[in-house]
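Heads up: the structure comes next, in structure tokens.
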Amino acid sequence: MEQEYGICRVAIAPLRTEASDKAEISSQLLFGDHVEILEKKENWWLIYNAYDGYEGWMDFKQLAMLSLEQYVHNHDCDHIVPAELLGTVIDDEGTKYYLSPGSNLPMLDNGFCYLGQQKFKVMFTPLKITAFHTIEELIQHALFFLNAPYLWGGRNLFGIDCSGFVQIVFKMNGLQLKRDAWQQAEQGEVVDFLPGVKPGDVAFFDNADGKIIHVGIMLSTDRIIHASGKVRIDPIDDQGIYNAELGRYSHKLRIIKRFI
């Protein structure tokens with residue numbers, strides 16, 4: 001089979017571990033995420049997300065097809081939806097799509113973005129992410145997601161997991177991180193734990209088996225913003241994250257990395 005390519009044409013598309021509506025959601029595509037199509041099983045296509053290398057099964061109807069040239073061109077997409085609630089695009093039929101922050105705006109030109117041959121009018125000022133801006137902006141983007149509900153596999157404002165939260169916040173600041181916490185922990189440079197922490201550093205947490213299972217963004221040497229039940233701010237020390245509502249430590253600190 002000749003290699004085929006696609007692009008997510010809905011605001012949010014779940015990626016599943018198997019070719020079934022009943023299968024676990026492992027991640028999500030956002031509007032404008034472009035993919036390679038690896039395998040087809042009736043209505044289910046196994047895709048490879050070009051942004052972070054993640055694979056999963058999705059409903060083929062949530063994809064628009066791309067040529068190889070269009071697929072390659074989308075690697076250079078440098079305009080995305082900003083941290084606001086007005087991320088609306090309108091298709092040729094006049095219907096609206098409400099997009100989550102961090103979604104791509106492929107082939108942006110003169111106020112329109114394009115998914116293959118389909119054109120969408122962009123009704124807001126896009127965020128350009130050609131380079132990292134400032135720590136202050138990164139923290140502002142993290143705080144925008146405050147109270148967003150936790151969702152395993154989520155990458156959007158209304159359902160996000162810990163590593164999806166960190167990935168999207170850094171994407172909005174021109175820095176590309178992998179999808180899962182353990183993958184992100186293999187990136188960046190090690191920080192000498194809390195005394196050397198700067199805002200924007202990323203803390204990772206492990207379980208009893210030593211496996212990285214959680215991640216969050218440091219706001220200071222003693223506060224962290226992370227997705228646990230919801231995106232929240234909690235105190236942190238050398239032992240880990242302390243959850244005052246539970247009256248105990250909820251996550252054990254393993255390592256801190258710097259990506260900036």
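Quick notes
- Single residue of 117, 140 found to be under 23 Å from residue 230 (Cα atoms), among the polar types (S, T, N, Q) and free of Cβ contacts under 8 Å to residues at least 60 places away in the same chain: 140
- Qualifying residues in the range 28-52 (those that are open to solvent by 30 Å² or more (accessible area, probe 1.4 Å) and not in a strand (DSSP E or B)) - the one nearest to residue 120 (Cα to Cα): 51
- On inspection, residue 18 does not qualify as assigned to a loop (DSSP other than H, G, I, E, B), at pLDDT below 95 and surrounded by fewer than 16 Cβ atoms within 10 Å (Cβ to Cβ).
- The single condition from (1) part of a helix (DSSP H, G or I); (2) open to solvent by 10 Å² or more (accessible area, probe 1.4 Å) that residue 119 fails is (1).
- A search for C-beta distances below 9 Å between a residue of the range 241-253 that is at negative phi and any residue that is open to solvent by 80 Å² or more (accessible area, probe 1.4 Å) and of a type in the set (S, T, N, Q), counting only pairs 6+ apart in sequence or on different chains, returns 249/239; 252/239; 253/239.
- Annotation: of all residues in the range 187-212 being surrounded by fewer than 18 Cβ atoms within 10 Å (Cβ to Cβ) and aliphatic (A, V, I, L, M), the one that is nearest to residue 139 (Cα to Cα) is 194.
- Top-ranked residue in the range 58-113 [being free of Cβ contacts under 8 Å to residues at least 60 places away in the same chain and among the hydroxyl-bearing types (Ser, Thr, Tyr); ranked as nearest to residue 145 (Cα to Cα)]: 88
Rundown of residues vs (1) in a loop (DSSP other than H, G, I, E, B); (2) in contact with a strand residue (DSSP E or B) (Cβ under 7 Å, 6 or more places away or on another chain); (3) farther than 16 Å from residue 160 by Cα, yes/no style:
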residue: 208; (1), (2), (3): yes, no, yes
residue: 214; (1), (2), (3): no, yes, no
residue: 217; (1), (2), (3): no, yes, no
residue: 220; (1), (2), (3): yes, no, yes
residue: 225; (1), (2), (3): no, yes, no
residue: 235; (1), (2), (3): no, yes, yes
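- Residues considered: 100, 67. Of these, the only one that is open to solvent by less than 60 Å² (accessible area, probe 1.4 Å), in contact with a strand residue (DSSP E or B) (Cβ under 6 Å, 6 or more places away or on another chain) and of a type in the set (Ser, Thr, Tyr) is 100.
- Tally of residues being open to solvent by less than 60 Å² (accessible area, probe 1.4 Å) and either in contact with a helix residue (DSSP H, G or I) (Cβ under 7 Å, 6 or more places away or on another chain) or without any contact (Cβ under 8 Å) to a residue 12 or more places away in the chain (or both) across the range 213-227: 8
- Inside the range 148-172, residues that are surrounded by fewer than 23 Cβ atoms within 10 Å (Cβ to Cβ), of a type outside the set (A, V, I, L, M) and part of a loop (DSSP other than H, G, I, E, B) make up a count of 3.
The values are calculated or read from the model by the stated rules, or taken from the named source; none is laboratory data. Bear in mind that the values here come from a model prediction, so they are computed numbers and not experimental data. Note that we place each Cβ from the backbone using ideal geometry, even for glycine, and neighbour counts take in every protein chain shown. In case anyone asks, the SASA skips ligands and DNA or RNA and just uses the protein heavy atoms, side chains included. Shrake-Rupley method; radii C 1.70, N 1.55, O 1.52, S 1.80 Å.
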